[in-house]
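A short worksheet on the structure shown next.
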Amino acid sequence: MVDFRSYILPTFLALLIHGLVLALLSTHWIDHSEPKRSMPRHIQAQMIDLNALAERQAEQERITQEKAKQAEAAKAKAQREREQAAAEKRRQELERKKAKAEAERKAKQEAERKRQQEIARKREAEQKKKAELAARKKAEAEARKRKAEEQARREAEKAKQEAAERARKEAERREQQAKAEQELQQALERERQARAKAEAAAAARQQSQAVIGDIRSYIQAVLQDSWRIPSTARNGMEAIVTIHLLPSGEVDQAYIAKSSGNAAFDNTAVQAVYRVQSFPRVADVDPILFERQLRKLQVKFKPEGLRW
Amino acid sequence: MVKLNQLLVLALAALMSMSVRAELVVEVTQGVESPTRIAVVPFANDSGLALSEDVADLVQQDLGRSGFFEPMARENMLGFPSRRADVYFRDWRISRMDYVVIGRVENNASGQLNITYELFDVLREESLMTEPLSVPQGGLRDAAHFIADRIFEELTGLKGAFSTQIVYVTAEQLSAGKQRFRLKLADWDGARAQTILESPEPILSPAWSMDGSKLAYVSFETSKPSIYVQHLATGKRERIQSFPGLNGAPAWSPDGNQLALVLSRDGNPEIYVLNLQTRELQRITRHYGIDTEPNWSPDGRSLIFTSDRGGQPQIYRLDLASRNLERLTFEGNYNASGRLTQDGRFLTMVHRSQGGGNGFDIAVQDLKTDRVDILTRSGLAESPSIAPNGSIVIYATQEGTRGVLSAVSLDGRVQFRMPANEGDVREPAWSPYLR
């Protein structure tokens, strides 16, 4: 689309150029009067001689004479001057008439020119206006066309975009659906696996529980054979011994984890472990199970059914 | 929802793994109720002297008689080490010993004997205790009891009572109508007995003061019973009380300032408490039945005594401040001569079971549970007296027609006869811990 403003500047410039040309030409045409001739003025200086005062009388006489002479001369001169002035006046009158005619002619010429110029200008302006109008119309038509085209283009674009958007959304939706589907499948799979794992773990645990239960009874039985309950023991006493075993079942170390408060009683508990020295059946236990439960274990020595 | 399920599974798995990782706990509630096995290796004699006593043998005897230990017979020992470097734990382990004691006797510059002993834990293969002693040549027996005390305390947590003493009374029929009574003082095992009083008239009921410096007893030397106090260090004795009728069964209060006793001056036997400083006499019981054999509780706040106020002899406890009376024994138709252990938990007594015939035995009652255990089967036991650490009860019994002293561990495991080579022995009293 073309901006109308873009025509203002050229139009203005054209007008300016026309105006300028007109102005330049008009000085030639209008300002044709004669250039003024100024006459130079002379300054008449008066010389005064003090020494000449003595001669003043003579001078006065001479002056009077001179004056008379001058008056006479002046009279002649005035006469001459009057004649001259009349001549001059006639000449001037002639000249003035001549100039006037000339001016009239010139003015006439000028007016004609101006008229012609005006006509041309008007024609030009007319043409210009017409051209402008045409141009504007053309521009407008073009703009409209462009606009329409633009509109169409935009609409097409929009439609295209919308279609693309729809397609994209659809694709996205499908993708999401697929993804959700996949995730669900994965989750189900994971859950299934976790359950399977948990079940396997449960089974393994059950099995290890059974093994551990066995081992617990075994260790208990061995220690009950080994523990010499001291005479100072009383029902309710309780000492906890921590045992560190080696994978072979050998006792690595044993120490009181919680005292009964009676050092001698505690001592018999620790001794019961050291007396055993080794729990050979521990060596048959699965190494992982051993690490988890048997490497370090606690034995609670708590006599029951004593007399006191 | 899916997430929640996952979370649940995870949490469950975590819980499982936790339970899997928890330490195994084994509970042992039964064991072999057997004495501790200990080998007391004969001490090496590096002194160059012929020693009057076999120290190791005395230590072994002390430990064995407590009932807490089962010493190894010497003939079974694989070696007689006397220094640490010579102790082969493997050998002792094979011999199923838990502890080994070694020692040696040497001369020292001042003419005394140096005894060094060391106690080893066989199972842990470590030395538990070692100590050098310096004793005069005649002090080997004391040294042996001292060593036994130290080992006993180390291994049982109870203070050893092997350095304590006993007193007892012997009676001899010299000729028809002529008797000799002696009050004797001996080591706890009956050794080194010495007569501290001799009388043609009966001596009864010797009782130790709690500081072990004095004895109170009843003597008939003036033909009627009177209560005397005798200082062991000086032999000085004084008559404390003599009232018409029966004067008997003195018992020292734990603080040593009072004496509980039985007087029948008001008609029938009643319990009195005599303040030894002020000589003030206070009547404690007031009953038409017989009240006798008073004994102080370890805290001194109550008295136990025998009374037939219920129709047959039973043991009662009287709180001195509140005068609250409480019957302690209900089992059997005869319970008398009650004594309390120093922790106040166990009561020993002469007991006759319901339907048990005429047998009198030593029984112990757990005052916490009121469980009664009969410790002897002699049928003629009397006058039980408890070791200060509560481990052993000494009592008098009959062997044939002769009275002898016997002892039984409080758990009834070990019973042994005291060596007594003269006359009829009766009325033993075990001393408190002696300094």
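The amide H of A:Ile229, built 1.01 Å from its N in the peptide plane, has B:Val32, B:Glu33, B:Ser34 as neighbours under 5 Å, considering only residues 5 or more places off or on other chains. Taking a ≥ b ≥ c as the square roots of the eigenvalues of the alpha carbon gyration tensor, the protein assembly as shown is prolate, as a/c is not under 1.5 and a/b beats b/c. Among the GluC sites (Glu not before Pro) within the range B:278-381, those in coil by DSSP and having at most 11 neighbouring Cβ atoms inside 10 Å are B:Glu280. Extension gain, A:Gln116 to A:Glu172: 0.36 nm times the residue separation minus the Cα-Cα distance gives 12.3 nm. Entry note, the range A:201-301: relative contact order of 34 percent, from Cα contacts under 8 Å with a spacing of 6+ residues. Take the alpha-carbon centre of the range B:278-335, take the same for the range B:79-146, and report the distance between them in whole Å. If we compute the Cα centre of each part, the gap is 48 Å.
Ranking of B:Val404, B:Val364 by neighbouring Cβ atoms within 10 Å, starting from the fewest: B:Val404, B:Val364.
Excluding same-chain neighbours fewer than eight residues apart, the lysines reachable from A:Lys179 by a Cα-Cα span under 22 Å are A:Lys169, B:Lys3. Would you mind classifying the range B:165-430 by shape? Square roots of the alpha carbon gyration tensor eigenvalues, ordered a ≥ b ≥ c; an a/c under 1.5 is rounded, otherwise it is prolate if a/b is larger than b/c and oblate if not. Rounded, because the longest to shortest axis ratio a/c is under 1.5.
The Rg/Rh ratio for the range B:36-156, using Cα coordinates for both the radius of gyration and the Kirkwood hydrodynamic radius, is 0.95. With the convex hull drawn around the C-alpha atoms of the range B:253-312, the volume per residue stands at 74 Å³. Residues B:Tyr316, A:Tyr274 in ascending order of nearby Cβ atoms (within 10 Å, fewest first): A:Tyr274, B:Tyr316.
Given contacts defined as C-alpha pairs under 8 Å and at least six residues apart, what's the relative contact order of chain B, whole-number percent? Worked out over chain B, it gives 10 percent. Note on the range A:164-183 and the range B:386-435: Cα centroid distance 101 Å, given to the nearest whole angstrom. When only Cα pairs below 8 angstrom with a gap of at least 6 residues are kept, chain A shows a relative contact order of 15 percent. Each Lys or Arg adds one and each Asp or Glu subtracts one; over the other residues with Cβ under 11 Å from the Cβ of A:Ala148, this totals +2. Taking each DSSP H run with n ≥ 4 as -39500 (n - 2.57) and averaging over every residue of chain A yields -26000 deg cm²/dmol at 222 nm.
Summarising the label geometry, the points placed 7 Å from Cα in the beta-carbon direction at B:Leu174 and B:Val25 lie 7.2 nm from one another. A:Met237 sits among other residues whose Cβ lies under 12 Å from its own Cβ, and their net charge, with Lys and Arg +1 and Asp and Glu -1, is +1. In the range B:338-435, one over the average inverse separation of all distinct C-alpha pairs is 13.6 Å, which is the Kirkwood hydrodynamic radius.
Which of the lysines could a cross-linker span from A:Lys302 if the Cα-Cα distance has to be under 24 Å and same-chain partners fewer than 8 positions apart are dropped? Those lysines meeting the cut-off are A:Lys258, B:Lys159, B:Lys368.
Candidates A:Ser208, A:Leu289, A:Thr242 compared by Cα position along the dipole of the range A:201-301: farthest toward the positive end lies A:Thr242, with charges placed on Cβ. Put in order of Cβ neighbour count within 10 Å, fewest first, the listed residues B:Met349, B:Met129 become B:Met129, B:Met349. The simple Förster model, with R0 at 25 Å and r as the Cβ-Cβ distance, assigns A:Glu238 and B:Leu128 a FRET efficiency of 0.60.
About its Cα centre, the dipole of the range A:201-301 is roughly 260 debye, where the only charges are +1 on Lys and Arg Cβ and -1 on Asp and Glu Cβ. Each label point was placed 7 Å from the Cα along the Cα-to-Cβ direction; for A:Ala257 and A:Leu188 their separation is 4.7 nm.
Quick one: putting +1 on the C-beta of Lys and Arg, -1 on the C-beta of Asp and Glu, what dipole do you get for the protein assembly as shown around its Cα centre, in Debye to the nearest 20?
8900
Of the residues B:Gly289, B:Ala407, B:Leu347, the one whose Cα sits farthest towards the positive end of the charge dipole of the protein assembly as shown is B:Leu347 (charges of +1 on Lys and Arg Cβ, -1 on Asp and Glu Cβ, taken about the Cα centre).
Using the beta-carbon distance between A:Glu162 and A:Leu20 and R0 = 41 Å, what value does 1/(1 + (r/R0)^6) give for FRET efficiency, to the nearest 0.05? In this case the efficiency is close to 0.10. Computed about its Cα centre, the charge dipole of the range B:165-430 is approximately 320 debye, with only Lys, Arg, Asp and Glu carrying charge at their Cβ.
Across the options B:Leu58, B:Ser253, A:Ile219, the greatest Cα extent toward the positive end of the charge dipole of the protein assembly as shown (unit charges at beta carbon of Lys, Arg, Asp, Glu) belongs to A:Ile219. Counts of other chain beta carbons within 10 angstrom of each beta carbon in peptide A:230-237 average 6. Using R₀ = 51 Å, calculate the FRET efficiency as 1/(1 + (r/R₀)^6) where r is the Cβ-Cβ separation of A:Ala101 and A:Glu61; round to 0.05. Step by step, r from the Cβ atoms, then E = 0.30. Taking every DSSP helix (H) stretch of at least 4 residues in chain B, weighting each as -39,500 (n - 2.57) and dividing the sum by the residue count yields a mean residue ellipticity at 222 nm of -4000 deg cm²/dmol.
For chain A, rounded, prolate or oblate, judged on the Cα gyration tensor with a ≥ b ≥ c (square roots of eigenvalues), a/c < 1.5 rounded, else prolate if a/b > b/c? The shape class here is oblate. 3J(HN,Hα) along the range B:43-52, derived from phi through the Karplus expression 6.51 cos²θ - 1.76 cosθ + 1.60 where θ = phi - 60°, amounts to 6, 5, 9, 9, 8, x, 10, 7, 8, 6 Hz, with x in place of Gly and Pro. Proximity of backbone amide H atoms, modeled 1.01 Å from N, is registered between B:Gln241 and B:Ile227 at under 5 Å, excluding neighbours fewer than 5 places apart on the same chain.
Separation of the alpha carbons by more than 32 angstrom is noted, of A:Lys106/A:Lys137; A:Lys69/A:Lys89; A:Lys122/A:Lys147, for A:Lys106/A:Lys137; A:Lys122/A:Lys147. For peptide B:51-62, the mean count of partner chain Cβ atoms within 10 Å of a residue's Cβ comes to 0.
Bear in mind these aren't lab numbers, they're just calculated from the coordinates by the rules spelled out. Small disclaimer: the values here were computed from a predicted structure and weren't measured. Counting neighbours? That spans all protein chains shown, and the Cβs are built from the backbone with ideal geometry, glycine included.
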